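I have placed the structure first, in the form of structure tokens, so that the comments after it can refer back to it.
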Amino acid sequence: MAEKTVPVPSGPERSGGSGREITRAQERHLRPAVDIYETSDGLVLMADLPGVAKEGLRVDVDGDLLTITGKANHVAPGDPIYREYELANFYRQFELNEEIDREKISAELKHGVLKLNLPKAEKAKPKQIEVKVA
Amino acid sequence: MATWDPWREIDELRREIDRAFEDFGFQMEPRFRAAFLPGRLARGYPLVNVHEDRDHLYVEAMAPGVDPNSLKLTVVHNSLTISGEKKGPPAEIKAESFHREERAAGKFVRSITLPVEIDDQKVKAEFINGLLLITLPKAEKAKPKQISVQVS
């Protein structure tokens, strides 16, 4: 699975006119750490998204482009007195190859970790061919 | 033909500079990156933020994927110890099946010293969306006292 390094759609602003509102690069964001591994059924993607609730998470598939967007919020009340990390919005894109069955992608969010199941299309699954002995 | 707009030019330049640096890893601060490596950076994991109001301290620890049942908290006077384990991917996945492996896993222990004494009987902890929120009531004698000013 290839990674997209272009985080901002950079098409329309070049066509002139008043396209300024979408020309701004996306606000400061963090790239979530991911594991991607292959099983016989497909790919599994695990992404650490601390502070992201179900309502703040978006997983989009547009053609070959898989986009993960997460809005992270702190949970502690009161005034900050000591800080080691800040949460910003998470953003990362990947390119899917044609083997992945777009319709069957499923997502699960648990304890701040997103698990995406990306099943292979039937025709891309490995098949064992039986050898007949004549 | 588009009219020349200086703001647009500046914006364009800014975007080009952003693009040039995109792959350098400036987007994610090194400390943040390290936060996901409990196995390799046991002392600094999990990263914590400390908040305060009049009666409580709140410790928020970033621990995505940590099994809540493995979490142990101990409070002694003003020192808080968090330990637990972040589980990795299933063991049957072979190393060559990984396309990307950025999330490390392992056991961790971390102690932090809090700025005030804590009432250790009333400590509460919740695990919300991968963030561990520990609510620590301040000990009675550590609470700020308001002294009223007498006008004579």
Would you kindly state how much longer the chain becomes between residue A:108 and residue A:27 on full extension, computed as 0.36 nm times their sequence separation minus their alpha carbon distance, in nm to one decimal?
26.6 nm
Would you calculate the separation in nanometres between label points at residue B:15 and residue B:128, each defined as 7 Å from the Cα along the Cα-to-beta-carbon direction?
3.7 nm
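If you count, for every residue in A:112-122, the Cβ atoms of partner chains within 10 Å of its Cβ, what is the mean?
The mean count of partner-chain Cβ atoms within 10 Å per residue comes to 2.
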Measuring from label point to label point, each 7 Å out along Cα→Cβ, what is the residue B:107 to residue B:139 span in nm?
3.0 nm
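Given A:71/A:123; A:104/B:107; B:86/B:122; A:110/B:141, which pairs have Cα atoms separated by over 28 Å?
Distance filter (> 28 Å) returns A:71/A:123; A:104/B:107; A:110/B:141.
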Expressed as a whole-number percentage, the relative contact order of the stretch A:23-129 with C-alpha contacts under 8 angstrom and at least six residues apart is 31 percent
Please average, across the residues of B:54-63, the number of beta carbons from any other chain that are within 10 Å of each residue's own beta carbon, and give a whole number.
5
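When you look at the Cβ of every residue in B:104-115, what mean number of other chain Cβ atoms sits within 10 Å?
1
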Centroid-to-centroid separation of the stretch B:66-108 and the stretch A:75-134 [C-alpha atoms, Å]
19 Å
Quick one: give the max-minus-min coordinate of the C-alpha atoms of the stretch B:55-152 along each principal axis, largest first, in Å.
81, 23, 18
Full-stretch length increase - residue A:83, residue A:121 - with 0.36 nm per residue and alpha-carbon distance subtracted:
9.1 nm
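Rule-based calculations on the coordinates, nothing more; no lab input. It should be emphasised that the depicted structure is a prediction, and the values quoted were computed from it without experimental measurement. As a convention, Cβ positions derive from the backbone with ideal geometry for all residues, glycine included, and neighbour counts pool all protein chains shown.
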